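Before any comments, here is the structure.
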Amino acid sequence: MRSSKITWAVVAGVVVALLAGVGIAIAYSRGSSPSPSPSAPVAAPQASLAAPSASASPAPSPGADLEGPVDLLLLGVDTRVSIPDWQPHSDAIMLLHVESGLDSAYLYSLPRDLRVQIPAFAKAGFSGGKHKITEAMAYGSRVPGTSTTNVANGYELLAKTISNYTGVKTIAAGAILNFGGLSKLVDQLGGVDITVDHKVTSKHRKPNGEMRKLVGGDYVGAQAVYTVGKHHFVGWQAIDYARQRYGLPNGDYDRQRHQRQLVEAILTKALAQGLTEPAKLQSVIDALGKTLVYIGGEQPAAYAYALRNLTSAKITMVELEGGGVGSGSNYLGEQLNSEARGFLTAVAKNKIPAYLKAHPKLINK
């Protein structure tokens, strides 16, 4: 059994970007108290913790009474979550569904351009409508009458939108991380190992990691190239690889798979290093700074303890496919195919194993 000091919410919060209980949301050693989040929690907890016992017996560990299934939301955003007046868009949307036994899980992505019905949201003065799902956070983050933004409100509207679309009634907690924070995380871990499945040519970076120059709306200059095979990536390489969609056979769907690869690589590296010591975990948190926002109904330490037996080997990555929709020649967004929508129904009904057995092509090999 892994030490309860491993904060699963660390790798499930943070990465979500992107990012898996995978993602490094926030890491706390068992028994520690989290610092106040920059925003008030907005997601209802899936299970409550037991009240302290009046007897002399030791109090149960935080999360000891937390039951599955549990659904966590991991978001990667397109810029700094700490910039005032910025309306955030969620460029990477991942969900981790943890089974009832809390020792196995499924990681899947929703396309950023998925066309969905976004509900009305009074806090932001938003009347609702059909839009790309990435815009839900931006609409929800608006503060009427001001130029400021509220990231927690944006998360709330996005979580409601996702819940309505997928049928998942409760998203227990979520984490928001930008690309800069994720790059720092990878470097803090000493880099990660990823097997590149398609040749990827960078739109943004030169081979030495410098940014390519933007001229007249197009990037110019030499490009970083990631060839098929096993690679050890430092922070900027890992993020650059996971950001690219142009030139890939299936565009954003391939990018989503690469983002899930990155999440798995980060989790694998974090566990391999034995991040059981509070000092080691704290160094990871310090590296992230304000690039991470955690929102949840329970303290991250509770999820860390409850998911202590969940390892990367017990996480199945699922690939949902779809295609573009439009009106005439106008592109409106993406829609999932019937097989992918069926998987979401299986998630909501907690019947994933049977569905994947009948639809094995959805599993990333």
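The values are calculated or read from the model by the stated rules, or taken from the named source; none is laboratory data. Source: prediction; values computed, not measured. Glycine also receives a Cβ, built like all others from the backbone with ideal geometry; neighbour counts cover every protein chain displayed.
Does segment 130-156 hold any residues that are assigned to a helix (DSSP H, G or I) and either within 19 Å of the chain's Cα centre (by Cα) or not aromatic (Phe, Trp, Tyr) (or both), and which are they? Full working, then the answer.
As a first pass, look at segment 130-156 and keep what is assigned to a helix (DSSP H, G or I): 135-141, 151-156.
Correct list: GLU135, ALA136, MET137, ALA138, GLY140, SER141, VAL151, ALA152, ASN153, GLY154, TYR155, GLU156.
Which one is farthest from the chain's Cα centre (by Cα), of the residues in segment 89-108 that are of a type in the set (D, E, K, R) and modelled with pLDDT under 90?
Checked segment 89-108; the qualifying residue farthest from the chain's Cα centre (by Cα) is ASP103.
I'd like to verify a number: residues in segment 312-338 that are at pLDDT 95 or above, surrounded by 15 or more Cβ atoms within 10 Å (Cβ to Cβ) and farther than 23 Å from ASP91 by Cα, how many?
Adding up the residues that qualify gives 0.
Among the residues of segment 97-145, how many are under 25 Å from GLY323 (Cβ atoms) and basic (Lys, Arg)?
So the count comes out to 4.
Among the residues of segment 224-235, is any of a type in the set (Ser, Thr, Tyr) and under 28 Å from LEU158 (Cβ atoms)?
Looking for residues that are of a type in the set (Ser, Thr, Tyr) and under 28 Å from LEU158 (Cβ atoms), one finds none in segment 224-235, hence no.
With a cut-off of at least 1 residues that are closer than 30 Å to VAL143 by Cα, name the strands (runs of 3 or more DSSP E) lying wholly within segment 157-249. Write out each step before concluding.
Numbers: elements: 173-178, 192-196, 213-215, 218-220, 229-233.
In segment 157-249, 173-178 are the strands (runs of 3 or more DSSP E) which contain 1 or more residues that are closer than 30 Å to VAL143 by Cα.
Identify all residues within segment 183-207 that are closer than 29 Å to ASN337 by Cβ and surrounded by 24 or more Cβ atoms within 10 Å (Cβ to Cβ); write none if there are none.
The answer is VAL200, and nothing else.
Can you pull out every residue in segment 331-365 that is touching a Pro at 6+ places or on another chain (Cβ under 8 Å) and of a type in the set (A, V, I, L, M, F, W, C)?
Residue satisfying the conditions is LEU336 alone.
From the list ALA222, ALA152, ALA173, exactly one residue is farther than 24 Å from ILE266 by Cα and either charged (D, E, K, R) or at pLDDT below 90 (or both). Which is it?
Values: ALA222 fails: either charged (D, E, K, R) or at pLDDT below 90 (or both); ALA173 fails: farther than 24 Å from ILE266 by Cα.
None of the other options fit; the residue is ALA152.
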